[in-house]
């Protein structure tokens, strides 16, 4: 892997990690387009998520002083942590490919468009603050997060959607989704790095890893700020339509 390829993958990761479009799905498609294959590349796609997590820490570090929030994040992490550990090998063997990603993108796109229309027809905008989230609700969001183990589904999509259905405001649902990424993606990054670190360093130099990490961090911080504004003004539908268009492009290429 060249530094230029690592920079491109870092850009893709940073822009898409916290948007409801699936960063893993985009990284799989981008790697396939560049002809990058193998276990080390899959590990690189996971490890550079640490850069995006750095952006969350920088933007929301004060929020993490709240003990009730930390409790909810721990509870929300548990289901995906257990399921991910159990299904890790099967997922990488069978779902890390363009076609499975495209099906997940399409299904998620249709769901988001439908959810957006349903919320608008209700005529009542979800308005609960993050501080009102209960332990049982955090666990329910964590269960829903397990759906995102299928690449292309999008962890952000399922967790934000769950938050909205529970009555959280769009900013609160997005914020909990961002913060839930810290234990969820942090654990995935450490697991993959420990398991396949040697192969990763053979496929990508330390300079390439650093380049991907830095670009992911900077672009993720910018994407987070822009995404909340779009979510407030336009809802989930624009991202749903984007997913459908991308899925069709994969199917017909």
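Since every read-out is calculated from the coordinates, none of them should be taken as a lab result. Please read these numbers as outputs of a predicted model, since none were measured by experiment. Quick reminder, even Gly has a Cβ in these numbers, built from the backbone with ideal geometry, and neighbours come from all protein chains shown.
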Notebook entry, point to check: Where the centroid of each part is defined by its Cα atoms, how far is region 212-253 from region 70-123 in Å?
Noted result: 15 Å
Notebook entry, point to check: Can you give the calculated 222 nm mean residue ellipticity of the chain, where each DSSP H run of n ≥ 4 adds -39,500 (n - 2.57) and the sum is split over every residue, rounded to the nearest 500 deg cm²/dmol?
Noted result: -26500 deg cm²/dmol
Margin query: Let's test this: bin the Cα-Cα distances of region 96-234 at 5 Å from zero up to the farthest pair and state each bin's percent.
Written below: 2, 8, 15, 18, 20, 17, 9, 6, 3, 1, 0
Next item on the list: Starting from one equal scatterer on each C-alpha and no solvent at all, send me the Debye-based log10 I(q)/I(0) for region 3-251 at q = 0.10, 0.15 Å⁻¹, two decimals.
Entry: -0.44, -1.02
Next item on the list: Would you work out the relative contact order for region 3-251, in percent, from Cα pairs under 8 angstrom that are 6 or more residues apart?
Entry: 41 percent
Next item on the list: Using only Cα atoms, find the angle between the long axis of helix 3-16 and the longest principal axis of the chain, and express it within 0 to 90 degrees, rounded to the nearest 10.
Entry: 10 degrees
Item checked: Kirkwood-based shape ratio for region 15-105, expressed as Rg/Rh from alpha carbons -> 1.02
Check: Hey, what angle do you get for helix 98-122 against the long axis of the chain, alpha-carbon based, 0 to 90 degrees rounded to 10?
Finding: 10 degrees
Check: When you count, for each residue, the other Cβ atoms within 10 Å and take the mean per peptide, how do 186-199, 213-226 rank with the highest first?
Finding: 213-226, 186-199
Check: What does the highest-first list of 69-82, 162-175 look like by mean Cβ count within 10 Å?
Finding: 162-175, 69-82
Notebook entry, point to check: Taking only the alpha-carbon positions of region 116-175 and ignoring solvent, what does the Debye formula give for the base-10 log of I(q)/I(0) at q = 0.19, 0.22, 0.23, 0.30 Å⁻¹?
Noted result: -0.68, -0.86, -0.92, -1.22
Notebook entry, point to check: In whole angstrom, how far apart do the alpha carbon centroids of region 126-190 and region 1-69 sit?
Noted result: 17 Å
Next item on the list: Round to the nearest 10 and give me the degree value, 0 to 90, for the angle of helix 23-33's Cα axis relative to the longest principal axis of the chain.
Entry: 30 degrees
Checklist line | Extension reserve of the residue 89-residue 245 stretch, reckoned as 0.36 nm per residue once the Cα distance is removed | finding: 53.2 nm
